[in-house]
Amino acid sequence: MITEATQFNDWIIEDVDKVLFGESDCEAFSGNRSVVKIKRDTTVIEDFLEGMYDDCKTFQLYEIDSQQYLVIMLKKKKEELKKEHRYE
């Protein structure tokens, strides 16, 4: 998931907003190996390979409060903007 996180753009905030403001019950997006499902109360990150192969090491299911997830994403965006504009 960490390597896939760099692929996410500002549209993720719009998807979170849709859920938090009641426009949608669930929004989901995925990368090469994981899927993120945002619901009003929780956000779940799942590994696509979970349960598919006995000898494949997978990431455990990760669940977080949706509003906390939004705060994490906003902090990440803030750090990106600081680097982009060379602001400390």
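FYI, it's all coordinate maths here, none of it is from the lab. Computed from a predicted structure; not experimentally measured. Ideal geometry is used to build each Cβ from the backbone, glycine not excepted, and the neighbour counts take in all protein chains shown.
Could you calculate the contour length gain from S24 to V71, that is, 0.36 nm times the residue separation minus the distance between their Cα atoms, to one decimal place in nm?
Taking 0.36 nm per residue and subtracting the Cα distance, the gain is 15.0 nm.
The residues neighbouring T58, those whose beta-carbon lies less than 10 Å from its own, together hold a net charge of -1 under the Lys/Arg +1, Asp/Glu -1 convention. Applied to segment 69-79, the Karplus parametrisation 6.51 cos²θ - 1.76 cosθ + 1.60 on θ = phi - 60° returns per-residue 3J(HN,Hα) values of 4, 4, 4, 4, 5, 5, 5, 4, 5, 4, 5 Hz, with x for Gly and Pro. Computed from backbone phi with θ = phi - 60° and the Karplus coefficients 6.51, -1.76 and 1.60, the 3J(HN,Hα) list for segment 19-24 is 6, 5, 9, x, 6, 8 Hz; x is used for glycine and proline. Taking amide H as placed 1.01 Å from N in the peptide plane, F48 has its amide H under 5 Å from the amide H of S34, V35, each at least 5 places away in sequence or on another chain. Along Cα→Cβ, 7 Å out, is where each label goes; now give me the distance between the ones at D55 and W11 in nm to one decimal. Each label point lies 7 Å from its Cα, and together they span 3.8 nm.
For Rg and Dmax of the Cα atoms in Å, the candidate list reads [x] 16.2, 61; [y] 12.3, 35; [z] 14.6, 47; the entry that matches the value derived from this model is [z]. Remark: segment 30-35, residue by residue, has Karplus-estimated 3J(HN,Hα) of 9, x, 6, 10, 9, 10 Hz, where x stands for each Gly or Pro and the curve is 6.51 cos²θ - 1.76 cosθ + 1.60 at θ = phi - 60°. Cross-link pairs exceeding 23 Å in C-alpha to C-alpha distance, out of K57/K77; K18/K57; K37/K75; K57/K83; K18/K75, comprise K57/K77; K18/K57; K57/K83.
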